[in-house]
Amino acid sequence: MEKLVIKGGRSLDGTVRVNGAKNAILPGMAAVLLDKSGGESVLGNVPRIRDVVLMAEILRSLGAKVSWEGSQLTINTRDLSNYAIPEQLMLEMRSTVFLMGALLARLGQVRISHPGGCAIGTRPIDLHLKGLVALGAQIREQHGFIYATCRRLAGTDIHLDYPSVGATENIMLAAVYASGATVIHNAAKEPEIVDLQNMLNAMGARIRGAGTDQIRIQGVKQLHSVEHAVIPDRIVTGTLMMAAVAAGGDILLEGVVPAHLEAVTAKLRETGAQIREENGRLRIKATERPRAVDTLRTLPYPGFPTDLQAPVMALLTRADGTSVIIENVFDSRFNHVNDLRRMGAQITVDGRTAVVKGVPSLTGAVVTAQDLRAGAALVLAGLAAHGETVVEGLHHLDRGYESLEGDLAQLGAEIKRLDGEVEPS
Ligand code: EPZ
């Protein structure tokens, strides 16, 4: 089993370019299913991550042709015929749930199994299904599968009980060919939703309002192929910013959109980091031990992103003072706490609240990632710890980071990936 071996105590220095956003490319690949024109769509800035590999496999299983060169995906969905998502692939990745909207709109039917994905809470899909039913879909659940069918989807007003990112995307995709107008109220406002709107409109859709809590989709008859490069990954950007604070140093991040990270930048400045924008690039400088933050609450965008809660906790474990972290988005997203404790962190958890009492230093240990962002947190803790840290469970990390160890090594960290046989020193 592969593992990362990290020798802590090295500060970071240098420049890294951030790859395209996992949470933009996945809905973007679903959007291509709506193209009935038989043309070829080209998606750019595609990160080489496991979730994209899985999504490409799923599209192929549905009849699409998918080829991948470097950071470019070429997809042709002319021969789309299958409406059943392979169960094994579905269970590996929850994001497949927004294929429902696209396949319902394109084929009038879809079969999925109850979604799997990261172990971060119950993660129901009730808001997705409610939205699709509101558009006219009939839903049947049988033998662990969910079947959705519809003759023709009809536009309507949909009020989301919670600004769910996936449910907003699913309804947008389903509504593109619906008759009349659909308005999503209390929609998610994440940058990835804006990116999806821009891509769909470039394919001939008529959508506006993404980035606000009200999105209007005017149904059209036909979409065509598109060339679209997805936005940079703001969670990878935030992870690297936090690595610089955890390890200390002075780094430059290129290919980023600083405006997507305002809540993160504000919070990291509270720890004492100096962060400034230098013509589209982000410069992060941290030379002192980080200061604790009073209270950090994760919230839907533009609040502090839940996907950076684990990484920020990693850097706060060594802060000067006590920080309080409240995880408002998922109902159990503290899978990283036990492993951080093994490294000497002092964290107490009560429901959705974690109290992090900063310690002067962490010590390296053998730790195991329990989910994607917990893995990133353990890497950051290893950078800051005394001695050697071994991080296992890399299949989680590889779902969302093209090469976190490569980026960090480029910035001067002593980190390498070993395959199972070779024992760390
Ligand atoms: C997306 O997940 C992201 N994944 C997640 O990133 C991210 O953490 C999340 O949005 C929040 O920003 C992708 O975009 C592929 P939600 P999603 O629906 O759509 C509850 C990562 O690390 N909910 O906004 O699943 C849900 O249980 C991943 O990159 C319902 O109750 O998030 C959760 O508590 C992790 N019913 C909350 O809403 C529903 O029908 C937010 O979920 C749907 C969601």
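Key figures
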{"read-out": "Glu388, Glu87, reordered so the largest accessible area comes first (probe 1.4 Å)", "value": "Glu87, Glu388"}
{"read-out": "Cα→Cβ-extended label distance, 7 Å offset, between Asp419 and His159, nm", "value": "5.7 nm"}
{"read-out": "All aspartates and glutamates inside 14 Å of Lys221 as judged from Cα atoms, apart from same-chain residues fewer than 8 positions distant", "value": "Asp35"}
{"read-out": "Helical mean residue ellipticity (222 nm; -39500 (n - 2.57) per DSSP H run of 4+; nearest 500) of the chain", "value": "-9000 deg cm²/dmol"}
{"read-out": "Assigned charges on the beta-carbon of Lys, Arg, Asp, Glu; the range 22-229 dipole about Cα centre (debye)", "value": "460 debye"}
{"read-out": "Two-decimal Rg/Rh across the range 22-229, once Rg and the Kirkwood Rh are taken from alpha-carbon atoms", "value": "0.92"}
{"read-out": "Translational diffusion of the range 340-425, µm² s⁻¹ [Kirkwood Rh, Cα pairs; Stokes-Einstein; 4 °C; 1.567 mPa s]", "value": "94 µm²/s"}
{"read-out": "Overall dimensions of the range 128-262 by Cα: Rg and Dmax, Å", "value": "18.0, 58"}
{"read-out": "Over 30 Å (Cα to Cα) - which of Lys22/Lys357; Lys22/Lys130; Lys189/Lys416; Lys3/Lys65; Lys130/Lys189 fall in this group", "value": "Lys22/Lys357; Lys189/Lys416; Lys3/Lys65"}
{"read-out": "Dipole of the range 22-229, positive end: most advanced residue of Ser179, Thr77, Gly39 [Cβ charges, Cα centre]", "value": "Ser179"}
{"read-out": "Accessible area (Å², 1.4 Å probe, nearest 10) - Glu227", "value": "150 Å²"}
{"read-out": "Heavy-atom accessible area order for Val355, Val390, largest first, 1.4 Å probe", "value": "Val355, Val390"}
{"read-out": "Derived scalar couplings ³J(HN,Hα) [the range 254-263; Karplus, 6.51 cos²θ - 1.76 cosθ + 1.60; whole Hz; x for Gly, Pro]", "value": "9, x, 10, 10, x, 5, 7, 10, 5, 5"}
{"read-out": "Diffusion coefficient, µm² s⁻¹, Stokes-Einstein with Kirkwood Rh over alpha-carbon pairs of the range 1-137 at 4 °C and 1.567 mPa s", "value": "78 µm²/s"}
{"read-out": "Prolate/oblate/rounded label for the chain (Cα gyration tensor, a/c 1.5)", "value": "prolate"}
{"read-out": "Three-way shape label, the range 276-425, alpha-carbon gyration tensor, a/c 1.5", "value": "rounded"}
{"read-out": "Glu254 - accessible surface, heavy atoms, 1.4 Å probe, Å² rounded to 10", "value": "50 Å²"}
{"read-out": "Extreme residue, positive dipole direction of the chain, given options Thr322, Ser113, Met343 (C-beta unit charges)", "value": "Ser113"}
{"read-out": "Of all accessible heavy-atom area on the chain, the percent that carbon and sulfur account for (1.4 Å)", "value": "47 percent"}
{"read-out": "Per-residue HN-Hα couplings for the range 192-209 [Karplus 6.51, -1.76, 1.60; θ = phi - 60°; Hz; x = Gly/Pro]", "value": "5, 6, 5, 4, 5, 4, 4, 5, 4, 5, 5, 8, x, 6, 10, 10, 8, x"}
{"read-out": "Heavy-atom accessible area order for Ser81, Ser67, Ser164, Ser323, largest first, 1.4 Å probe", "value": "Ser81, Ser67, Ser164, Ser323"}
{"read-out": "Dipole in debye (nearest 20) - the chain, about Cα centre, beta carbon charges: Lys, Arg +1; Asp, Glu -1", "value": "820 debye"}
{"read-out": "Under 5 Å, built H, 5+ apart or other chain: amide partners of Asn19", "value": "Asp233"}
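The values are calculated or read from the model by the stated rules, or taken from the named source; none is laboratory data. Keep in mind that what you see is a predicted model, and the values were worked out from it rather than measured. Backbone-built Cβ (ideal geometry, glycine too); neighbour counts: all protein chains shown. These accessible areas exclude ligands, DNA and RNA; they are computed on the full protein's heavy atoms, side chains included. Shrake-Rupley method; radii C 1.70, N 1.55, O 1.52, S 1.80 Å.
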